[in-house]
Amino acid sequence: MIKVTNLFKAVPVGGETLEILRGISFEIKSGDSAAIVGVSGSGKSTLLGLLAGLDQASGGDVIIDGVSLAGLDEDSRAALRAEKVGFVFQSFQLLPALTALENVMLPLELAGANGAEQQATTFLNKVGLGERLAHYPATLSGGEQQRVAIARAFAAQPALLFADEPTGNLDGETAEKIIDLLFSLNASAGTTLILVTHDQRLAARCQRRFAMESGRLSEIS
């Protein structure tokens, strides 16, 4: 589903070049789950952004379902994300002026999906928020907001889903429920799941685990 080849990312800092990612290569098969762990500043979130096509690499390539990101412009990368990729952010990234239902419907409508309201309702029911469809983010708890974000990501039925610290803003009990939910939806939808996390419970649930250190990635056996 995703193949990464000799990926580099460097940025200019004060007249010098700072290497954030250094020659990363790996493959994840369709339907598998993988966790990327490491200390803050090690390059995890930068890597996730490159894998999702939200940023451009300085060198190397990311291939999603046979499509090379290196050969795509910004509009083409956005079209690929809309077709194949979902993303769950640590900070939820819900639109405050929209209800839970409207937040989940929005990307479906932008993609021209038929039956967006029914599909959004179905996934909000799956995450246990069928009674909260008309509630705005400000009236939802952190765990409920994250469940809306997960419903939004899965509702488009992406082939590949990225999650950046999906339990980072949640208490222990709520985080455990979110972990169960992620893997339940992953299993039922057959979605390839790639997570960046500090949560060892979450990492342990993944089929494969990688450690990021000083911009380099190694697989944990």
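The values are calculated or read from the model by the stated rules, or taken from the named source; none is laboratory data. Remember, it's a predicted structure, so these values are computed and weren't measured experimentally. FYI the Cβ positions are ideal-geometry reconstructions off the backbone, even for glycines, and counts take in every protein chain you see. For the accessible areas, the whole protein counts, side chains as well, though only heavy atoms, and no ligand, DNA or RNA atoms are used. Shrake-Rupley method; radii C 1.70, N 1.55, O 1.52, S 1.80 Å.
Details
- Mean separation of Cα contacts under 8 Å (6+ apart) over length of the range 75-185, as relative contact order %: 39
- Alpha-carbon centroid distance for the pair the range 28-83 / the range 154-221, whole angstrom: 15
- Based on DSSP H segments of at least four residues, each scored -39500 (n - 2.57), the chain has a per-residue ellipticity at 222 nm of -10500 deg cm²/dmol.
- Among 71, 49, 14, the largest mean-square fluctuation in a Gaussian network model of the chain (Cα springs under 10 Å) belongs to 14.
- Apportionment of accessible area to carbon and sulfur, the range 1-153, percent (1.4 Å): 49
- Working note: Cα atoms of the range 10-77, range along each principal axis, descending, whole Å: 41, 30, 18.
- When each of 44/177; 9/29; 29/84 is checked by Cα-Cα distance, pairs over 18 Å: 44/177; 9/29
- Debye intensity ratio I(q)/I(0), log10, the chain, q values 0.16 Å⁻¹ (C-alpha model): -1.10
- The range 129-221: GluC sites (Glu not before Pro) falling in loop per DSSP and having at most 14 other Cβ within 10 Å: 131
- Database remark: amide H of residue 127 closer than 5 angstrom to no amide H (H placed geometrically; neighbours at sequence offset of 5 or more, or on other chains; Pro and chain starts carry no H).
- More than 20 angstrom apart: percent of Cα pairs within the range 98-156: 12
- Residue 56 versus residue 22: modelled label distance in nm, points set 7 Å from Cα along the beta carbon direction: 2.5
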